[in-house]
C-alpha cells in the first residue's frame with residue numbers, strides 16, 4: 001500500500017506547539033489503528049526526517065503520527081512530557097486521526113522505544129483505559145549497557161552514540177523508572193505489547209528481558225526476533241552489510257498484533 005506523508009503542527013498540546021509528521025496508508029479503511037511513533041534518535045537532538053519504520057507500519061493501513069519530541073528539550077523528562085502530551089491530546093480528541101473505532105497505540109524504536117515504554121507506564125497511571133497497545137522496536141531501556149548482546153554495539157557503530165545518549169538523557173542525575181523502564185519494579189496493568197528485535201541486534205537481550213518481565217507481570221505480550229541478515233540495525237542508523245529486508249516482516253508482525261488486540265478488546269466487551 002502506498003503511503004501519504006504530511007507535516008503538521010499540534011497547537012494545543014499541554015507542552016505547547018509540537019511538530020508532527022503523519023504517515024497514512026493511502027487506502028486505509030474505516031477505523032484504522034492510530035500509532036503515535038517516537039522515532040529513533042539515540043537520545044539526541046536529531047531533527048525530524050524520514051522514518052522508515054513509521055512508513056512501513058503505515059503501509060499496513062495504519063495512521064502513524066511521529067512527534068518531534070526533542071524540539072523542546074532532549075534530556076529527561078522533557079521528551080517524555082512532550083510524548084505524553086501528544087498521547088493525552090489524542091486520547092481526548094482524536095481530531096482528524098482515525099475515528100471512534102480506531103485503536104490508539106504508542107510505539108517507537110531505539111531511544112524512541114524508551115519513550116514509548118515510558119508513555120505506556122504513565123498512561124497506566126493516568127489514562128488507564130485509553131491506550132490499546134504499545135509497539136517497542138529494539139527499545140533502548142538499559143542504562144547500564146551490560147548485556148551480552150550489547151557487545152555488538154561497537155561493530156554496528158552505535159556504542160559511543162548510545163553511551164553519550166544515555167549520559168545526556170539522564171543528565172538530571174535521577175534515574176526515574178520512566179527514564180529507564182527496564183528498572184521499573186511495577187509493570188502490571190500496562191497496555192499489551194509487541195516487541196521486535198533481531199538476532200544481530202545489540203539491543204536484543206534488553207528487548208527480550210523486558211518482554212519476559214512484562215509477561216511475568218501479567219501483560220499481554222507478543223514478540224518476534226528476526227534472523228540475522230535482514231539489515232535490522234539500519235532502523236536506528238547502525239552499520240550493516242546487508243540491504244534492509246525487514247520491512248515485510250515488520251509490517252506482518254504489526255498487522256497480526258493489531259488483529260490480536262482488536263479481538264481481545266471485542267471479547268472483553270462481549271463478556
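The set of residues from segment 77-125 being surrounded by fewer than 24 Cβ atoms within 10 Å (Cβ to Cβ) and part of a loop (DSSP other than H, G, I, E, B) comprises 77, 93, 94, 95, 96, 97, 98, 99, 100, 101, 102, 103. Restricting the search to segment 125-156, which residues are within 18 Å of residue 81 (Cβ to Cβ) and at pLDDT below 95? Within segment 125-156, 125, 126, 127, 130 meet the criteria.
Before we move on, is residue 136 buried (at least 17 other Cβ atoms within 10 Å of the Cβ), assigned to a loop (DSSP other than H, G, I, E, B) and under 13 Å from the mean Cα position of the chain (by Cα)?
On the way: buried (at least 17 other Cβ atoms within 10 Å of the Cβ): yes; assigned to a loop (DSSP other than H, G, I, E, B): no; under 13 Å from the mean Cα position of the chain (by Cα): yes.
No; evaluated as a whole, the condition is false for this residue.
Regarding residue 97, is this residue touching a helix residue (DSSP H, G or I) at 6+ places or on another chain (Cβ under 8 Å) and under 18 Å from residue 184 (Cβ atoms)? No; evaluated as a whole, the condition is false for this residue. Among the residues of segment 228-258 satisfying the criterion of being under 14 Å from residue 200 (Cα atoms) and touching a strand residue (DSSP E or B) at 6+ places or on another chain (Cβ under 7 Å), which is surrounded by the fewest Cβ atoms within 10 Å (Cβ to Cβ)? Once the filter is applied, the top-ranked residue is 228.
Among the residues of segment 1-13, those identified as surrounded by 15 or more Cβ atoms within 10 Å (Cβ to Cβ) and under 22 Å from residue 234 (Cα atoms) are 3, 5.
Against the list (1) surrounded by fewer than 23 Cβ atoms within 10 Å (Cβ to Cβ); (2) on the phi > 0 side of the Ramachandran plot; (3) touching a helix residue (DSSP H, G or I) at 6+ places or on another chain (Cβ under 6 Å), the condition residue 43 fails is (1). Quick one: residue 67 ticks every box in (1) free of Cβ contacts under 8 Å to residues at least 60 places away in the same chain; (2) crowded, with 23+ Cβ neighbours inside 10 Å; (3) out of contact with any helix residue (DSSP H, G or I) (no Cβ under 6 Å at 6 or more places or on another chain); (4) more than 19 Å from residue 257 (Cβ to Cβ) except a single one, so which number is it? Among (1) free of Cβ contacts under 8 Å to residues at least 60 places away in the same chain; (2) crowded, with 23+ Cβ neighbours inside 10 Å; (3) out of contact with any helix residue (DSSP H, G or I) (no Cβ under 6 Å at 6 or more places or on another chain); (4) more than 19 Å from residue 257 (Cβ to Cβ), residue 67 violates only (3).
Restricting attention to segment 144-163, the residues that are loosely packed, with under 14 Cβ neighbours inside 10 Å and assigned to a loop (DSSP other than H, G, I, E, B) add up to 4. Only residues that are at pLDDT below 90 and part of a loop (DSSP other than H, G, I, E, B) were counted in segment 16-40, giving 6. Of all residues in segment 14-40, those satisfying the criterion of being in contact with a helix residue (DSSP H, G or I) (Cβ under 7 Å, 6 or more places away or on another chain), over 23 Å from residue 101 (Cα atoms) and surrounded by fewer than 21 Cβ atoms within 10 Å (Cβ to Cβ) are 14, 15. Filtering segment 219-233 for residues that are over 17 Å from the mean Cα position of the chain (by Cα), in contact (Cβ under 8 Å) with a residue 60 or more places away in the chain and in a helix (DSSP H, G or I) leaves an empty set.
The residues of segment 164-203 that are crowded, with 21+ Cβ neighbours inside 10 Å, in contact with a helix residue (DSSP H, G or I) (Cβ under 8 Å, 6 or more places away or on another chain) and in a helix (DSSP H, G or I), listed by number, are 165, 169, 181.
The values are calculated or read from the model by the stated rules, or taken from the named source; none is laboratory data. Just so it is clear, the model here is predicted, and its values are computed rather than measured. In this analysis, Cβ positions are derived from the backbone assuming ideal geometry, glycine residues included, and neighbour counts consider all displayed protein chains.
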